[in-house]
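Notes for the one structure printed next.
The values are calculated or read from the model by the stated rules, or taken from the named source; none is laboratory data. Worth saying up front: this structure is predicted, and the values here are computed from it rather than measured. All Cβ positions, glycine included, derive from the backbone under ideal geometry; neighbour counts span all protein chains shown. What goes into the accessible areas is simple: the full protein's heavy atoms, side chains included, and nothing from ligands, DNA or RNA. Shrake-Rupley method; radii C 1.70, N 1.55, O 1.52, S 1.80 Å.
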Amino acid sequence: GAGVSQTPSNKVTEKGKYVELRCDPISGHTALYWYRQSLGQGPEFLIYFQGTGAADDSGLPNDRFFAVRPEGSVSTLKIQRTERGDSAVYLCASSPGGDPYEQYFGPGTRLTVT
Amino acid sequence: QKEVEQDPGPLSVPEGAIVSLNCTYSNSAFQYFMWYRQYSRKGPELLMYTYSSGNKEDGRFTAQVDKSSKYISLFIRDSQPSDSATYLCAMSETPAGGTSYGKLTFGQGTILTVHP
């Protein structure tokens, strides 16, 4: 079956602009996660949804970052007033029920802020 | 200090060698221990997971967890050029109130090259 998909695969934006990154999880997966991976580093947790609600948003770095999952399926990560330090690969993962060992990752969106 | 430390390498070995990859951690609440493989410009894919301490074997891969030392390892036997990738350890707590369950804390990743 289809895996986790993320769009766009690459996004180049200017400093100060607003961006939206989309994640389509595996059908039927109730849990969805966003991570950020900087060059040469492991992924860092941003936010976790169980259904439509954000169960844990402790990893969002500041109030410029926001994520939604209005219907419990597709999720959008929104970044306002982008900064060069936001440049990274943004990874999305989904899980059938939230178990930590069942996260399936998408290919990521590579965000470059110039 | 990071919660999870992993030697970034890079590690280069000949085909057929035994590879040992390691992580140390500081959070004693971690109970789930995972190893992911990540190819260039791809998302991580789960190789193995272990709950609490002990060993787990799957084909050429063996995962070990020593909670008393806060140390985990992944061994790859008879390594192949197709094993060349970045290997990430990841850890998670058990549900305590439910909110942190599933949140993974990753190591930096070790870059492995297996040459023919």
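Taking the Cα centre of the protein assembly as shown as reference, the dipole from Cβ charges on Lys and Arg (+1) and Asp and Glu (-1) amounts to some 580 debye. The packing ranking of peptides B:74-81, B:30-37, highest mean first, is B:30-37, B:74-81, where packing means the average number of other beta carbon atoms within 10 angstrom of each residue. Structural descriptor for chain A: relative contact order 37 percent, calculated from alpha carbon pairs under 8 angstrom and at least 6 residues apart.
The mean count of C-beta atoms from other chains within 10 Å of the C-beta of residues in B:37-44, rounded to a whole number, is 5. What lysines sit close enough to A:Lys17 to cross-link, taking a C-alpha to C-alpha distance under 22 Å and skipping anything fewer than 8 places away on the same chain? Hits, sequence-local ones excluded: A:Lys78. Residues of the stretch A:32-46 buried by at least 40 Å² of accessible area upon assembly of all protein chains, compared with the chain on its own (1.4 Å probe): A:Gln41, A:Pro43, A:Phe45. Within the shell of other residues whose beta carbon sits under 14 angstrom from the beta carbon of A:Arg64, the net charge comes to +1, with Lys and Arg scored +1 and Asp and Glu -1.
Here the contact order of the stretch B:4-115, divided by its residue count and restricted to Cα pairs under 8 Å and six or more residues apart, works out to 37 percent.
Taking every residue in A:100-110 and counting other chain Cβ atoms within 10 Å of its Cβ, the average works out to 6.
The count of lysine pairs in chain B whose Cα atoms are under 23 Å apart, excluding pairs fewer than 8 places apart on the same chain, comes to 9.
Just to confirm a number: summing +1 for Lys and Arg and -1 for Asp and Glu over residues other than B:Tyr49 whose beta-carbon lies under 15 angstrom from that of B:Tyr49, what do you get? Here the count lands on -2.
Only protein heavy atoms count here; under a 1.4 Å probe, A:Thr30 has an accessible surface of about 60 Å². Charging the Cβ of each Asp and Glu at -1 and of each Lys and Arg at +1, and nothing else, the dipole of chain A about its Cα centre rounds to 500 debye.
Let me confirm one metric for peptide B:85-91, namely the mean number of other chain beta-carbon atoms within 10 Å of its residues' beta-carbons.
Partner-chain Cβ atoms within 10 Å, mean over residues of B:85-91: 2.
Interface A-B: total buried accessible area of about 1800 Å², 1.4 Å probe, protein heavy atoms only. Just the protein heavy atoms count here, and of the accessible area of chain B at 1.4 Å, carbon and sulfur take up 48 percent. Taking the chain by itself as reference, the stretch A:48-62 contains these residues with an accessible-area loss of 20 Å² or more in the full protein complex (1.4 Å probe, heavy atoms): A:Tyr48, A:Ala55, A:Asp56.
Roll a 1.4 Å probe over the protein chains and send me the accessible area per residue for the protein assembly as shown in Å².
46 Å²
Computed with a 1.4 Å probe over protein heavy atoms only, the accessible area of B:Asp58 comes to about 90 Å².
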